[in-house]
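Asks: Encoded as structure tokens, here's the structure I'll be asking about.
Since every read-out is calculated from the coordinates, none of them should be taken as a lab result. No experiment lies behind these values; they were computed from the predicted model shown. Ideal geometry is used to build each Cβ from the backbone, glycine not excepted, and the neighbour counts take in all protein chains shown.
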Amino acid sequence: MNKPTPHIIDLRQPAKDIVREVLSAQEPVVLLPVGVLHRAIEVAIESEAGFSYSPNFPKTQDPLDVSVFFGLSESTQWSILEEIGLSALICDEKWTSLVELWSAGDSGNSAVSPNTKPLDKSYVGIFSSGSTGQAKCIWNSLEHLKLNAMRSANAFEVQPEHFLVFMASPWHVAGLTWAFMAEELKAEYLFVTTRKGQRALWLQTLQEFRADYLFTVPSVLRQLYSESWFVPKVVFGGQAISAAEYHALATHCSQTYQGYGQTEAGGLISVHKRKSTVLLDPGEERCQGFTIEGAHIKCEGTPETPQPIWLQSETAHVAQKYATGDIGFMDDGRIYVLDRPVEKNMLS
């Protein structure tokens, strides 16, 4: 296995800073996507609240220090944020009272109050566009997130000796789950924070390192089908892929795992595993899979009349059964998810 050289670590590993900050935090933390970051900075300055940034941005409890940054033009601010890969904000407990003021950025929605106030330092707030309404901050315990991560490792058959490559966003529940999985297993991994226009970096990473697994989303895979690379096992979430895409992906891997999950569930819910050389069965292009350990799904739908999908999960932010916001049907223990909005990630 090729191990990352120092300059590659510097270039591609700032996401680890976010993950390790969350794992070592001494207070409840919040992860914000870039769509709300600018407004969050503004609110912090207006309120004179304490805050800190991650990754690669000076930590401070003095709003005046960030005022220098805020005094730059908006385009310059965004340029700086994009350059350092800062699309997440690690916040302390003082921020919990500010959630209602955050704008949801590009979605045009307003953030709602957290689902529950953090009970102790081991709570994480993940900002989500959500499957059940407006954008919101979903609080969950760190132990729930880590448990889901380890159950994800079992479902994806990941072992400590595997070398993993993640191409995703660490402030979404998918990327966070995958990184927690690697950290808990003590597996070596590269985490490439995906942004538009970095296709060359994605390809270079796959060609330069002999990974055992690639974890990513279809929007990244679609830019790489025509290139030369191979990773034995590919895990993807985000949306279902077509038969043509399965055919294109078959030349790049031996095994695929399609994940379906939610921020509300603490991460992964179900997995569909298949060999890349096997012909597709009818309906296999749909989002589907068998539930992972600790997840219990109920759905009374049929292929002709899909119905709401209900979930009770040991790692969800609520203990009771709740509607996922999806519709579908079940067949021989497998859940099929239909009519999933394009903008809603399977693992976000």
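Asks: Which of the pairs K186/K233; K298/K321; K233/K321; K146/K186 have their Cα atoms more than 21 Å apart in this structure?
Replies: Beyond 21 Å between Cα atoms: K233/K321.
Asks: Here is a follow-up. So in segment 222-278, what percent of DSSP beta bridges are antiparallel if you round to the nearest 5?
Replies: Taking every DSSP beta bridge with both residues in segment 222-278, the antiparallel ones total about 65 percent.
Asks: Right, another one. Go through segment 283-293 residue by residue and turn each phi into a ³J(HN,Hα) via Karplus (6.51, -1.76, 1.60, θ = phi - 60°); whole Hz please, and just put x for glycine and proline.
Replies: Values per residue, Gly and Pro as x: x, 6, 6, 6, 5, 7, x, 8, 5, 7, 4 Hz.
Asks: Full-extension gain between T277 and K186, please, as 0.36 nm times their residue separation minus the C-alpha to C-alpha distance.
Replies: Working it through step by step, the gained length comes to 29.7 nm.
Asks: How would you rank F156, F230, F163, going from fewest to most other Cβ atoms within 10 Å of each one's own Cβ?
Replies: Result, fewest neighbours first: F230, F163, F156.
Asks: Further, regarding this structure: Karplus couplings for segment 320-329 from phi (6.51 cos²θ - 1.76 cosθ + 1.60, θ = phi - 60°), rounded to Hz, Gly and Pro as x?
Replies: 7, 5, 9, 6, 6, x, 9, 10, x, 7
Asks: For segment 205-311, run through the GluC sites (Glu not before Pro) and keep only the ones in DSSP coil with at most 11 other Cβ atoms within 10 Å of their Cβ.
Replies: Counting only loop positions with at most 11 other Cβ atoms within 10 Å, the GluC sites (Glu not before Pro) in segment 205-311 are E304.
Asks: Still on this model: As a footprinting exposure proxy, order W178, W310, W139, W171 by other Cβ within 10 Å, with the fewest listed first.
Replies: Least crowded to most crowded, the residues run W310, W139, W171, W178.
Asks: Quick check: the distance between the Cα centres of segment 168-196 and segment 198-258, to the nearest angstrom?
Replies: 16
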